[in-house]
Amino acid sequence: MKHFDPEAFTAQSEQSFSQMYPALAALGRHRPQLLKDYERMLREARRFRREYIEPHALDVERAVMHDPEYVAEGAIRAASEYGFFSTMIPRAFGGGGLSFGAMIIAMEELGAGCLGLSNLLGVHGLAIATVSATGDLGAMEKVCRLLTQGERAGRPHLLSTAITEPTAGTDVEDADLLRVARLVSEATPVRGGYRVNGRKVFISNGSIAHTHVVILPTDKKKPVETTFAFLIETGTPGFRVGRVERKMGQKACPAAELIFEDCFIPESARLNSKPLPGRAIELVLGATRGGVGAWGTAAARGAFERALTHAKTQRLDGRFLIDHQWVQIKLADMQRNVMLARASYVDAMLSNELFGLSLLASRNGMSEIQRLLPQRLLDSAAVKKVMTSRRAREGFQTAIDELADWEVDTASAHGSAAKVSCTDLGMQNCHLALEVFGAAGLRHDRGIEKIYRDAKLLQIYEGTNQLNRIELYKRAVNRGATGLDLTPKPSVAAEQEVQP
Amino acid sequence: MSELGMLRESVRRFAREVVAPTREALNHFPERPLPAGIVPGLGELGLFDAEIELPLLGVALEELSKVAAAPAALVLTHAFARALVREAGGGRSAALGGLNGHGLFACPIYSELDLSDDAPSLRRVGSEIELDGTASLVVGAPLARVLVLPVRDAGGWGLVGLESSEPGVSVGEALLTLGMRGCPSADVSFQRARFPADRLLATSPDVARRVARRFRGAAVAISAGVLSSSVAAATEYAQERYQGGGAILEHQEVRAILGRMLEDLALCHEASELLSREGVPEWRALAAFLRAKERAAHATCDGVQLLGGNGYMEDYGQERAMRDAKQAQFFFGRTDVARQALAGAVP
Ligand SMILES: Cc1cc2nc3c(=O)[nH]c(=O)nc-3n(C[C@H](O)[C@H](O)[C@H](O)COP(=O)(O)OP(=O)(O)OC[C@H]3O[C@@H](n4cnc5c(N)ncnc54)[C@H](O)[C@@H]3O)c2cc1C
């Protein structure tokens, strides 16, 4: 039998862009600029992963275990040197001007190094996506400027998005369920603004963000008709951070409770848009669920890469693990899962570019203008005026309205399919990788058990994998289903409970 | 009350009154010190006694694991390591094992004990043996008096039994592990350290295989205990959590997941029962053992899922169950390696 030859081995991390993304490489023949953006992002992310994430991920986690209030300041500073907090901000607002897709590619690469650190960057992107989907370009420009200026100074202005409430998680992820949700938070209209009361829970970056994109109804009895996004600054009287959660994994990214007690915010804090439930939220989730798909792929890949390294260096029964057929088959299965997962989120990403949120950014010629104009002009008052004008905002709203139902459905369906598939495959690879490791994998210092803990979150947030299946049913199986039977009565047989 | 019933009751009480209040500290080991009362309490219950019968041990471990699996893993490891020493026989074995009830035994219980690839190497030098290298993840080592370790003996296999206080034995810092936090483990290393030859207790891996076979039932009891607490917590939560217009238990998908968890729990209990019987064919015993451990590990992931975001938080215990059950899957080594041994058995 031929034994393992390290010289003849080409590791996955050395794969080129086109090996990893053949579909995108093919697409790039028609849109060379897009391809260049993607490739550049992969390169940058790979470098950041190698130089910062890999060397620090385990230490950051130990630090949080030791002190739950620990903040990964070093990682935040390092990421801002790379410009990761502003990559997808339009150039006209001072950012990198790259597409959401490019950011997603970075998320896989960074997430394969550490899902927690990658999440810290990614949820910030979720907030930008949410703000952009409201079409309130004035607010978008304000947030983006704060962000890019902070980033340049090495102190990025971090964002969080707060949707989940103690009594409503799944229920606030879907417009039909929202009708029966028991909400505790509300922004009650008062003279000159709103008075916010209530609580949001599990908010990623909640304890470290400077601005929170808080999703609130102005009348919690009519959430579907009255829910909007509000920008609330840390330090606003009446707003405080509650408990910072003790989580199983993803420890580098804190999740916190946000508490509002008679917190007054001015009228201008409300992003100017139609109520969000419906199109706007669907567009955001269609885009970001693909991003969670990239993290599922990252989990699958991180597990695979570590198992591969282990298999090449450790022996079992006198032979290198990699010389055992069962290990080879497992590694092949893990690689197959990575490929499958990646294909799934790339579909989600492309359907978002074709039919979803990213399409809107490019539809009115914005992205072309930004690409062609020099930065000096983009920063000028005239361009700012055009970008934040009422006409631009209305144009954006019209673009949302003009999307066909099937377009939004397609983007949502691919987002949900990717979210479920990739995160399940991510967990599956963790199980497979732990088998390859054996007892060694149980140790924190080997890095694989961390992925197992980190990856589990991906099946829960951004809509549980159960909710995302319901979404998929509504978008791609039965598009006529307007609301599911919300209070299904269990069958008679099921009612005869059996206690454990 | 039968002996078994009495033990079950006293372990339950101990788990509820002593272990439960320290769960958080246990879960944060080694970042936080080990709660003081646990190990002596386990001793008082007689769980470290040499005489304890395996079916009784299984019952105790399941009850403990319903509250916290880490102390159960410590008890199992001790009993198993001690049984290895006894099985090896010989004078030294009697000396190590004879001091009843005093001093813990440690061994790398998550490894394939009959293989010794990453074990320290052994060289015979005159009337002595020389050990070199590191035994990884030796469970119980930071607390143990006796370390029972497989070694590589010129390509072959050996089992050594050493006291941790002997010169040349170096026990590393307590390791952070996926699960069973609060059951301290550490690396044990040797730098060409010499010991009297009687420290080598056995040279045939059959010793490890025989003992592991006997202890399968006790190991599965831990998976069963962990899963049973996960099912109970998930059921309670599903009855109380309102979402989608009713208690989530009313949603058919939630029922389906919970139903599958109960199927897996039933499987664990069936395995426990099968493994406590005499004369069960080896292939059936091994199959039941592997399946139960593996299913418990998967089912506890669903236990987290059913609690949504709360499941991911330490407060609800589901995340601990998920980590502990995964770690318990590795008792006596990988499922896939053992499965290789299963194939070829003629039913
Ligand atoms: C670490 C972490 C970070 C997070 N970050 C953020 C963030 O930044 N911003 C934010 O807004 N939220 C965040 N979340 C919240 C997350 O989105 C919610 O946890 C998730 O949507 C699930 O909601 P829940 O926890 O209330 O679970 P529940 O909705 O209570 O669900 C409990 C269980 O019931 C099932 N279930 C519920 N309803 C139904 C139904 N109708 N049919 C079938 N099954 C159902 C679920 O699938 C789940 O298994 C985060 C959560 C975690 C754990």
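Where a number appears in this text, it was derived from the coordinates with a stated rule and is not lab data. Please read all numbers here as calculations on a predicted model, not as lab measurements. Don't worry about glycine lacking a Cβ; one is built from the backbone with ideal geometry, like all the others, and counts go over all protein chains shown.
Give me D for region A:162-269 in µm² s⁻¹, whole number, from Stokes-Einstein with Rh from the Kirkwood sum over alpha-carbon pairs, 37 °C and 0.692 mPa s.
Estimated via Stokes-Einstein, D reaches 235 µm²/s.
Any chance you could tell me what percent of the C-alpha pair distances in region B:22-75 go past 15 Å?
More than 15 Å apart: 47 percent of the Cα pairs in region B:22-75.
Taking a ≥ b ≥ c as the square roots of the eigenvalues of the Cα gyration tensor of region B:81-158, is the shape rounded (a/c under 1.5), prolate (a/b larger than b/c) or oblate?
oblate
Normalising by the residue count of region B:215-344, find the relative contact order in percent from Cα pairs under 8 Å and 6+ residues apart.
So the answer I get is 32 percent.
Among the aspartates and glutamates, select those whose C-alpha is under 14 Å from the C-alpha of A:LYS474, and discard any that sit fewer than 8 residues away in the same chain.
A:LYS474 reaches A:GLU173, A:ASP174, A:ASP176, A:GLU282, A:ASP405, A:GLU407, A:ASP409, A:ASP485.
Considering the alpha-carbon set of region A:235-384 alone, what are its Rg and its Dmax in angstrom?
23.7, 72
Suppose every K and R has +1 on its Cβ and every D and E has -1 on its Cβ; what is the size of the dipole of region A:162-269 about the Cα centre, in Debye to the nearest 20?
320 debye
Which value in Å does the Kirkwood hydrodynamic radius of region A:1-151 take, with 1/r averaged over all unlike C-alpha pairs and then inverted?
17.0 Å
Assuming 0.36 nm per residue, please report the length gained on full extension of the stretch B:ARG277 to B:GLU128 beyond their Cα-Cα distance.
49.4 nm
Based on DSSP H runs of at least 4 residues, each adding -39500 (n - 2.57), what is the mean residue ellipticity at 222 nm of the protein assembly as shown after dividing by all its residues, to the nearest 500 deg cm²/dmol?
Result for the protein assembly as shown, helices only: -16500 deg cm²/dmol.
Which log10 I(q)/I(0) values, to two decimals, does the protein assembly as shown give at q = 0.05, 0.08, 0.11 Å⁻¹ under the Debye formula with one point per Cα?
Those come out to -0.29, -0.72, -1.23, one per q.
Taking every eigenvalue of the Cα gyration tensor of region B:1-104, multiplying by 5 and rooting it, what semi-axes result, largest first, whole Å?
With the √(5λ) rule applied to region B:1-104, the semi-axes are 25, 18, 10 Å.
By counting other Cβ atoms within 10 Å of each Cβ, how are B:LYS66, A:LYS384, A:LYS274, A:LYS221 ranked from fewest to most?
Starting with the residue having the fewest Cβ neighbours, the order is A:LYS221, A:LYS274, A:LYS384, B:LYS66.
Roughly how many debye, to the nearest 20, is the charge dipole of region B:1-203 about its Cα centre, given +1 on each Lys and Arg Cβ, -1 on each Asp and Glu Cβ, and no other charges?
In debye, rounded to 20, region B:1-203 gives about 220.
Counting residues in region B:185-258 as N, plug N into 2.2 N^0.38 Å and put the Cα Rg over that result.
Cα Rg divided by the expected 2.2 N^0.38 Å: 2.12.
I need the Debye-formula profile for chain A: one equal scatterer per C-alpha, no solvent, reported as log10 I(q)/I(0) at q = 0.08, 0.10 1/Å, two decimals.
-0.49, -0.76
Translational diffusion coefficient of chain B at 4 °C, 1.567 mPa s, Stokes-Einstein with Kirkwood Rh over Cα pairs, in µm²/s as a whole number.
63 µm²/s
Which semi-axis lengths, in whole Å and largest first, follow from the square roots of five times the eigenvalues of the Cα gyration tensor of region B:1-203?
31, 19, 13
Residues of A:307-317, mean number of Cβ from any other protein chain within 10 Å of their own Cβ, rounded to a whole number?
2
What percent do you get for the relative contact order of chain A when only Cα pairs under 8 Å and 6+ apart count?
Once divided by the residue count of chain A, the mean separation gives 16 percent.
If you average 1/r across every pair of different Cα atoms in region A:370-411 and take the reciprocal, what Kirkwood value do you get, in Å?
12.2 Å
Which one of B:ALA232, B:VAL337, B:ALA296 has its Cα pushed farthest toward the positive end of the charge dipole of region B:215-344, where Lys and Arg give +1 and Asp and Glu give -1 at the Cβ?
B:VAL337
Please order B:CYS107, A:CYS144 by the number of other Cβ within 10 Å, starting at the fewest.
Arranged by neighbour count, lowest to highest, B:CYS107, A:CYS144 become A:CYS144, B:CYS107.
Below 25 Å, Cα to Cα, which lysines can A:LYS142 reach? Residues fewer than 8 away in the same chain don't count.
A:LYS200, A:LYS274, A:LYS384, A:LYS385
Could you line up B:TRP157, A:TRP295 from fewest to most neighbouring Cβ atoms inside 10 Å?
Fewest to most other Cβ atoms nearby, the residues stand as B:TRP157, A:TRP295.
From other protein chains only, count the Cβ atoms within 10 Å of every residue's Cβ in A:449-461, then give the mean.
4
By DSSP, what percent of the beta bridges with both residues in chain B are antiparallel, rounded to the nearest 5?
Of the beta bridges lying entirely in chain B, close to 90 percent run antiparallel.
Please get the size of the charge dipole for chain B, origin at its Cα centre, with Cβ charges of +1 on Lys and Arg and -1 on Asp and Glu, quoted in debye to the nearest 20.
420 debye
Give the average, rounded to an integer, of partner chain Cβ atoms located within 10 angstrom of each Cβ in B:174-181.
Partner-chain Cβ atoms within 10 Å, mean over residues of B:174-181: 5.
Convex hull volume of the Cα atoms in region B:202-347, per residue, in Å³?
116 Å³
Using only the alpha carbons of region A:85-235, determine the length spanned along each of the three principal axes and report them from longest to shortest in whole angstroms.
Reported extents, whole Å, longest axis first: 41, 36, 26.
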